[in-house]
Amino acid sequence: MHTQRIGAIFEKDLKDFMKNMMLLMMPIAPILLSIMYSRLGDGEEIPISMLYIIVGVTFSAVTSSSMMTMMAEENEKKTLRGLMLSPASFMDIIIGKSLVVALITAVSLAISLFLMGIEPFLSAQAIIGLVLLFLFFLFLGIGIGLFAKSIASTSAYIMPVMFLFGFTPMIEFLALGEDSIAIKVADAFPIMQLINMHDTNSWVPIGVVALWTIGAALFTYICFKKERTDD
Amino acid sequence: MENAMKVTGLRKVFNQHTAIEDVSFNVKRGEIFGLLGPSGSGKTTTIKILTGELLQTSGDVKVLDFDIAFFKTPDFKSRIGILSDNSSLYDRLTVYDNLKLFCKLYDAPLEQIDVMLEEVNLKDARNKAVSKLSKGMKQRVLLAKALIHKPDLVFLDEPTSALDPGNIAHIHRGLQKLNEAGTTIFITTHDMEEATKLCDRVAFLDKGRIQELGNPNALRYKYSTHAFHVETFDDKRLVIENERENADEIKELIATGKVKSIQSDNPTLGQIFLKITGKELV
């Protein structure tokens, strides 16, 4: 790793992000949703599952989506090749991009949670959970971005990520019943685990989310190896 | 002279298709070497192997004393520059921001940006977004990007395609200046005039094999019929063999003031390629 090269890629990607209308709209979506949600009810406390819907939307629509769009655009316009042929390593490139995505995600999530009520997240356990969840979505974005050859194709990939991992708490609105297999499977998903963490104060959900994050990291590694060995 | 590049028995097979077969050549340090061949002849595959983007199926490659196993190291990458038909720029960023990125990636001083913009005749476009540039201007920014870190060896794949004659001449002067400063240049081009003007040696690549290799003028002489084409003021066209016994005939024509023009029969590189391979070099 080389800090100057990481800094150069961060600076370039941040400037490019600020000039890309498609990417700029992504962090606005969770903020708008938060404004709407915060006006629901008569001053009642917002349920934790609703807060995690905002977290899920932010991480899927901003973290994963921005990352895969940035990677896919580099693939589509062949600029990634220029970076790979430079002395920057693949890690330098990924870290530089991830820092931009982390910054934009942090700003979007902070504004959204301030609007909704940030108190439930002001504990070490909740912050660790959010960091692991961020890494999980980031790895998914990198992995998919590596094999997505065009920006257009990312819209097809972002849907399953959003609905499976971002909107998981919404499964409760489907009235499937407590014994439904879908509900039981969804309970093991990362966001549901963090909701469970708030209910039980247990550290086990953090462990489960960590396993999801390791799985996403492995997925990214496999995508990377496959891309690098293709002739 | 020391070699900048040594390629021996290079072979690359994609699935069942052999892209290059038994390719061998050396490029000397400080030389301008041209690889000429039609589309699909194996030029891009060769460049990709030489720059570490592809692994060869067999054969040995050594570039700037680095073995192929070290082609992905920052040390190697910082000593080469690449401009290929796949090179690209960040459209939304300015010319300056694009070059600044690569300056920082290659640890080059930022002052190099203005030096390179001067070299490629683009000083006025410094703060323009790349999306607003013409194709020719983008090509010149790409060339500046490839040279910004003063590499020891530059790979240029069709560097003057899409450029107008004025800019081609400007780029040629820049490349010659770069070469005089000691940079080795490996170039592919379809422009035979460019190859003849710039290259110390050229190799003709066809069907993945090198068909001929040598100095452009030496090759033109080798494939010449060794005759002079003489045009006289009374519109006669004479072909006189370059033989000792014909010296008096030529001398007589010149002495009597009949000669309008006299040219050697040396073919162009394109004609030589056509003669060897039966193909036009396009």
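The values are calculated or read from the model by the stated rules, or taken from the named source; none is laboratory data. Being a predicted model, the structure only gives us computed values, none of them experimental. Backbone-built Cβ (ideal geometry, glycine too); neighbour counts: all protein chains shown. Calculation scope for accessible area: heavy atoms of the full protein, side chains included, ligands and nucleic acids excluded. Shrake-Rupley method; radii C 1.70, N 1.55, O 1.52, S 1.80 Å.
Observations on the structure shown:
- Residue B:30 vs. criteria more than 14 Å from chain A (Cβ to nearest Cβ), within 25 Å of residue B:176 (Cα to Cα), modelled with pLDDT of 90 or more and part of a loop (DSSP other than H, G, I, E, B): yes
- Qualifying positions in the stretch B:115-130 - within 18 Å of residue B:172 (Cβ to Cβ) and of a type outside the set (A, V, I, L, M): B:118, B:119, B:121
- Selected residue (criterion: nearest to the other protein chains (Cβ to nearest Cβ)) from residues of the stretch A:70-80 that are touching a residue at least 24 places away in the same chain (Cβ under 8 Å) and of a type in the set (A, V, I, L, M): A:70
- When the stretch B:51-82 is limited to residues that are more than 10 Å from every other protein chain (Cβ to nearest Cβ) and among the aliphatic types (A, V, I, L, M), the one that is farthest from residue A:85 (Cα to Cα) turns out to be B:61.
- The residue list B:205, B:238 contains one member that is assigned by TED's automatic domain parsing to the domain that holds residue B:146, open to solvent by less than 70 Å² (accessible area, probe 1.4 Å) and not in a helix (DSSP H, G or I), which is B:205.
- Taking the conditions (1) open to solvent by 70 Å² or more (accessible area, probe 1.4 Å); (2) in contact with a strand residue (DSSP E or B) (Cβ under 6 Å, 6 or more places away or on another chain) in turn, residue B:75 satisfies each one other than (2).
- Summed over the stretch B:218-233, residues that are open to solvent by 90 Å² or more (accessible area, probe 1.4 Å) and part of a loop (DSSP other than H, G, I, E, B) total 1.
- Test: residue A:52 is of a type in the set (Phe, Trp, Tyr) and open to solvent by less than 30 Å² (accessible area, probe 1.4 Å): yes
- Residue list for the stretch A:81-121, restricted to those being open to solvent by 20 Å² or more (accessible area, probe 1.4 Å), part of a helix (DSSP H, G or I) and within 10 Å of another protein chain (Cβ to nearest Cβ): A:81, A:84, A:85, A:90
- Residues in the stretch A:130-180 that are more than 19 Å from residue A:191 (Cα to Cα) and polar (S, T, N, Q) were compared, and the one that is least open to solvent (accessible area, probe 1.4 Å) is A:154.
- Answer from B:277, B:189, B:196, B:183 - the residue that is crowded, with 16+ Cβ neighbours inside 10 Å and more than 16 Å from the chain's Cα centre (by Cα): B:277
- Going through (1) out of contact with any strand residue (DSSP E or B) (no Cβ under 7 Å at 6 or more places or on another chain); (2) at negative phi; (3) assigned to a loop (DSSP other than H, G, I, E, B); (4) surrounded by fewer than 18 Cβ atoms within 10 Å (Cβ to Cβ) one by one, residue B:127 falls short only on (1).
- Some residue of the stretch B:100-111 being outside any helix (DSSP H, G or I) and of a type in the set (Gly, Ala, Ser): yes
- Applying a threshold of 9 Å to beta carbon distances and a minimum spacing of six or more residues, or different chains, the list of pairs starting in the stretch B:37-62 at a residue that is at pLDDT below 90 and assigned to a loop (DSSP other than H, G, I, E, B) and ending at one that is among the aliphatic types (A, V, I, L, M) and open to solvent by 50 Å² or more (accessible area, probe 1.4 Å) reads B:38/B:282; B:39/B:282.
- Helices (runs of 4 or more DSSP H) (entirely within the stretch A:1-69) containing at least 1 residues that are among the hydrophobic types (A, V, I, L, M, F, W, C) and within 14 Å of another protein chain (Cβ to nearest Cβ): A:3-18, A:21-25
- Of all the listed residues (B:124, B:97), the sole one being among the charged types (D, E, K, R), more than 23 Å from the chain's Cα centre (by Cα) and modelled with pLDDT under 95 is B:124.
- Subset of the stretch B:17-52 that is open to solvent by 10 Å² or more (accessible area, probe 1.4 Å) and of a type in the set (Ser, Thr, Tyr) - its residue that is nearest to the chain's Cα centre (by Cα): B:44
- Reported count of residues in the stretch B:244-274, each being open to solvent by less than 60 Å² (accessible area, probe 1.4 Å) and under 30 Å from residue B:213 (Cβ atoms), is 7.
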